[in-house]
1. Quick one, what does Rg over Rh come out to for the chain if you take C-alpha atoms and the Kirkwood Rh?
2. Would you compute, from DSSP H runs of 4+ residues alone, the mean residue ellipticity of the chain at 222 nm, taking -39500 (n - 2.57) per run and dividing by the full residue count, rounded to the nearest 500?
3. Have a look at the DSSP beta bridges in the chain and tell me what percent are antiparallel, nearest 5.
4. Only four residue types carry charge here, +1 at the Cβ of Lys and Arg and -1 at the Cβ of Asp and Glu. Report the dipole size of the chain about the Cα centre in Debye, rounded to the nearest 20.
5. For residue 221, what accessible surface area do you get with a 1.4 Å probe? Give it in Å², rounded to 10.
6. Quick check: the angle from helix 34-46's long axis to the longest principal axis of the chain, C-alpha only, nearest 10 degrees?
7. Going 7 Å from the Cα of residue 243 along its beta-carbon direction, which residues of the stretch 204-228 have the amide nitrogen within less than 19 Å of the resulting point?
8. Tell me, rounded to the nearest percent, the portion of alpha carbon pairs in the stretch 7-147 spaced more than 20 Å apart.
Amino acid sequence: DPDGTRADMGAYYYDQSSLCDEGYTDINGECYYQADLDVLELLIDNSQGTENPPPFDLSPIELGEQVWEDGRLVEFICTTYYPLNLDYELSGEIPSSIDNLTELTHLKLVGNSLGGEIPPEIGNLSNLTYLYLGIDSFSGEIPAEIGNLMKLTDLNLSTNDLTGAIPIEITGLIDLNHLFLFSNELSGWIPSEIENLQNMWYLDVRENDLTGEIPPEICNLNLVGLFLNNNQLSGEIPPEIGNLPYLKS
């Protein structure tokens, strides 16, 4: 069957006659939520056209590094960099069905060949605290829906091909500690509402095409690290920056 899936071809073993609850699938005696497995399988399937794809017959529970709790995926890391140094990489686009991973708290897909736009559906992952989609080839604008991730503490979209302005919605992520957007093609200005991020320690937007003046409101933060270099910023540096009590770099 040319339209068969890897599961149809016996790439890995599913036992749906087990005692798992409805919607869950038995793999080697453990119950896994099928919708979570489907997303992982799509990531494997979408990557098969490149030079270093994951093995075609790889079980979805063996992709990258995963943490499951009560049959749901809560952490997923797939990176060619530390700490995994995988010898395969993901490619293609992140499927819109990523929003099935409703229990996910950590998502790190770094140093792959993922591209296209970051799907707005990622904003439905309301339990995310850590989102790292760096060193890939994502293009288009940062989806405003990321502003829905109210538990987010770490957002890293660095070293991509992202364009457009920094979404104002990001300034509503009041638990954010780290915002890394460096090495993109972002334009527009830094919104004055940045002062809402009172829990932020590091702001790194260097190596973009940001314009306008540095908003003086940035001086109301408790930053340890601030990186604005290699942009098209104009005007004077707000003197209040010297009053940032914890700034080290």
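1. On the way: Rg = 20.3 Å, Rh = 19.5 Å.
Value, to two decimals: 1.04.
2. Working: 1 runs with 13 residues, N = 249.
Calculated mean residue ellipticity at 222 nm is -1500 deg cm²/dmol.
3. Numbers: 10 of 39 bridges.
Taking every DSSP beta bridge with both residues in the chain, the antiparallel ones total about 25 percent.
4. On the way: 6 positive and 43 negative charges, 205 e Å.
For this selection, approximately 980 debye.
5. For residue 221, solvent-accessible area is about 0 Å².
6. For helix 34-46, the angle is close to 80 degrees.
7. 214-226
8. On the way: 4515 of 9870 pairs.
When all Cα pairs of the stretch 7-147 are counted, 46 percent exceed 20 Å.
The values are calculated or read from the model by the stated rules, or taken from the named source; none is laboratory data. Worth saying up front: this structure is predicted, and the values here are computed from it rather than measured. Note that we place each Cβ from the backbone using ideal geometry, even for glycine, and neighbour counts take in every protein chain shown. Heavy atoms of the whole protein, side chains included, go into the accessibility calculation; ligands, DNA and RNA do not. Shrake-Rupley method; radii C 1.70, N 1.55, O 1.52, S 1.80 Å.
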